[in-house]
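Reading through the structure tokens given below for one structure.
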Amino acid sequence: MNDFWLQLEYLPLAAEIGATAWFPLMESLHVLSMGFLLGSIVMVDLRVLGVAALRYPVQVMVRELVPWAAWAFVFASVTGLAMFITRASAHVQNPAFQIKMALLLLAGLNIALFHFRALPAMLRSARGDAVPAQARISAGLSLLLWCAVMLAGRWVGHVV
């Protein structure tokens with residue numbers, strides 16, 4: 001298994017990224033895309049929690065902001081993968097990276113539960129502004145998970 005990660009590091013693309021200005025560019029773009037991702041998610045979560053943007057229906061917030069979050073996630077994944085392949089064997093052994101990946105998985109599961117369970121329940125609700133407890137719990141969990149993903153990601157470069 002370790003040979004696979006080493007082979008990734010020896011790809012010409014990984015060498016090019018790791019030895020040139022491509023790495024700091026990927027890192028900068030990764031941070032910017034995470035900003036767009038988190039900004040979009042936080043606004044939807046705060047609306048679901050009833051803390052912000054109360055004059056906008058949840059459905060409108062979801063419709064307008066989720067595409068931004070989705071594209072930002074794709075961009076963050078591509079730039080993250082570009083950085084990952086430069087030191088893949090070290091990253092897979094890094095506890096901060098492992099925690100970040102586990103948190104990303106949990107955040108993804110939470111998103112799926114929100115979009116396939118809580119959001120449809122809100123759309124079926126007789127009151128258009130009613131936010132079920134399941135949706136509020138999911139939004140609160142989302143805020144916690146994405147903050148934790150960011151913190152773990154920040155630690156990746158500092159844990160050896």
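Taken together, the values in this text are just the output of simple stated rules run on the coordinates, not laboratory data. What you see is a predicted model; the values in this text were computed from it and never measured. Every residue, glycine among them, receives a Cβ derived from its backbone with ideal geometry; neighbour counts consider all protein chains shown.
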Check your understanding: For helix 95-113, what angle does its Cα long axis make with the longest principal axis of the chain, in degrees from 0 to 90 and rounded to 10?
Key -> 30
Check your understanding: In degrees from 0 to 90, rounded to the nearest 10, what is the angle of the helix 133-156 Cα long axis to the longest principal axis of the chain?
Key -> 20
Revision key, fill the gap. In the chain, taking the dipole from +1 charges on Lys and Arg beta carbons and -1 charges on Asp and Glu beta carbons about the Cα centre, the listed residue (ALA96, PHE114, MET26) farthest towards the positive end is PHE114
Check your understanding: Tilt of helix 22-48 relative to the longest C-alpha principal axis of the chain, in degrees (0 to 90, nearest 10)?
Key -> 20
Check your understanding: Using +1 on the beta carbon of Lys and Arg, -1 on that of Asp and Glu, and nothing else charged, what's the dipole of the stretch 1-155 about the Cα centre, debye to 20?
Key -> 700
Revision key, fill the gap. With only helices counted (DSSP H, runs n ≥ 4, each -39500 (n - 2.57)), the per-residue ellipticity at 222 nm for the chain, to the nearest 500, works out to -25500 deg cm²/dmol
Check your understanding: Of ALA139, ALA70, ALA19, which has the largest mean-square fluctuation in a 10 Å C-alpha GNM of the chain?
Key -> ALA19
Check your understanding: How much net charge surrounds VAL92 when only other residues with a Cβ under 15 Å from its Cβ are counted (Lys, Arg +1; Asp, Glu -1)?
Key -> 0
Check your understanding: Anyone know which of SER40, SER138, SER28 comes out most mobile in the 10 Å Cα GNM of the chain?
Key -> SER28
Practice item. Please work out how much length the chain gains when fully extended from ARG154 to LEU109, using 0.36 nm per residue of separation minus the C-alpha to C-alpha distance, in nm with one decimal. Key: 14.0 nm
